[in-house]
Structures are given as C-alpha cells and as structure tokens.
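Below is one structure, written out as structure tokens, with a few remarks after it.
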Amino acid sequence: MSGEPGQTSVAPPPEEVEPGSGVRIMVEYCEPCGFEATYLELASAVKEQYPGIEIESRLGGTGAFEIEINGQLVFSKLENGGFPYEKDLIEAIRRASKGEPLEKITNSRPPCVIL
C-alpha cells in the first residue's frame, strides 16, 4: 500500500440513479391537429416526476397521439379516442422503471370539450 501510515482512501459514494433512468418514452402526435401542446404538457409532468427519463417525440398521422415505453405501445388515441391521464402514464413509467410488465392504458380523457 502506498501513502503515509494511517491514511486511507475513501471511494466516492456511488452516484444515485435518477428516477426513470433507463426508461425511454416515444410520443407520436399529429401536429396539424394541435396535439403538440398536449405532448409538451405531458412531457413536462413526466420530467417533473422522473428527471432521468428519456422522452422524445415524432410527428404522426392524422389524429395520432401514441405513446411507447421502451418500444412497447402503451397508449393509442387512435384506439381510445382521447388522451391519457397523467397519473396512468406515471404509473406505467413506474412499472417500467422497476422492470414490471406493462399493460396498455385504456382509460382516456376526452380530446376536447364543446360548450
């Protein structure tokens, strides 16, 4: 061992893993439909809960708002007719981050309200 007697080297503490690390989300949305604002709102809420998450977007077809977690489709506006509730998406991310199986989100809120 090198160094003066009585000196010890202390390894730095292991870095904490940010919540959501290793989870990738892809959101495909229809830009002409005005869904970008919904994507940005959802992305912000997800990043607040899971700062280490990878979230990306790509433009999709008419009426699309599709969400994949680690390559698995977990929500489809084309199938459900609305947008996902944030709490349902956050729960799916929690499951993915723990390596638990993902289920499709079938609960959705209406795309708009007509007064």
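Starting from the Cα of E56, step 7 Å along the direction of its Cβ; do the same at C33; then give the gap between the two resulting points in nm.
Each label point lies 7 Å from its Cα, and together they span 2.1 nm.
Assuming 0.36 nm per residue, please report the length gained on full extension of the stretch A43 to R95 beyond their Cα-Cα distance. Display every interim value, and only then the final one.
Details: separation 52, 0.36 × 52 = 18.72 nm, distance 1.75 nm.
In short, 17.0 nm is gained.
Which net charge results for the neighbourhood of E100, defined as the other residues with beta-carbon distances under 11 angstrom from its beta-carbon, given Lys and Arg at +1 and Asp and Glu at -1? Can you show the working numbers first?
Working: positive: R94, R95, K98; negative: E91, E103.
Net of charged neighbours comes to +1.
What is the sum of charges around S76, taking Lys and Arg as +1, Asp and Glu as -1, for the other residues whose C-beta is under 11 Å from the C-beta of S76? Walk me through the numbers on the way to the answer.
Working: positive: K77, K104; negative: E28, E66, E68, E79.
Once positives and negatives cancel, what remains is -2.
Under a Cβ-Cβ cut-off of 12 Å, what is the net charge of the residues other than M26 that fall near it, where Lys and Arg count +1 and Asp and Glu count -1? Please report the intermediate quantities before stating the final value.
Details: positive: R24, R58; negative: E28, E54, E56, E66, E68.
Residues close to M26 contribute a combined charge of -3.
FYI, it's all coordinate maths here, none of it is from the lab. Predicted, not measured: the structure shown is a model, and the values here were computed from it. Counting neighbours? That spans all protein chains shown, and the Cβs are built from the backbone with ideal geometry, glycine included.
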